[in-house]
Amino acid sequence: MTFFPAVQLIHENAGSQLAAGLAAIDDGQTLFSFKQTTSMDSSAVTCMLAWKRHAKQRGVKLDFEQVPANLQSLIVLYGVAELL
């Protein structure tokens with residue numbers, strides 16, 4: 001099963017997206033696809049880190065796919081690529 005974050009993953013909806021992702025992990029989803037996410041800010045990186053930590057605490061390997069180039073740039077800028 002795949003979890004798809006919202007089209008926008010920005011400060012205004014980060015809390016609800018974080019909760020949705022955590023619930024998805026708890027429901028057994030291990031692949032998060034950013035295929036439909038077109039607008040994001042640093043909140044997206046924060047959510048990704050929290051999702052990874054949550055999955056790790058549950059002994060689950062979480063993968064991200066189709067991460068947009070601008071989100072990849074933020075990940076590198078913040079120096080967290082090795083964590084994600």
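A few remarks follow.
- Tilt relative to the chain, helix 42-57 - C-alpha long axis, 0 to 90 degrees, to 10: 20
- The chain, relative contact order in percent, only Cα pairs under 8 angstrom and at least six apart counted: 34
- Among 54, 11, a tally of other beta-carbon atoms within 10 Å of each Cβ gives an order, fewest to most, of 11, 54.
- Mean projected area in nm² (Cα convex hull; one quarter of hull surface) for the chain: 4.7
Only the coordinates and a few stated rules stand behind these numbers; no lab work does. Worth saying up front: this structure is predicted, and the values here are computed from it rather than measured. As a convention, Cβ positions derive from the backbone with ideal geometry for all residues, glycine included, and neighbour counts pool all protein chains shown.
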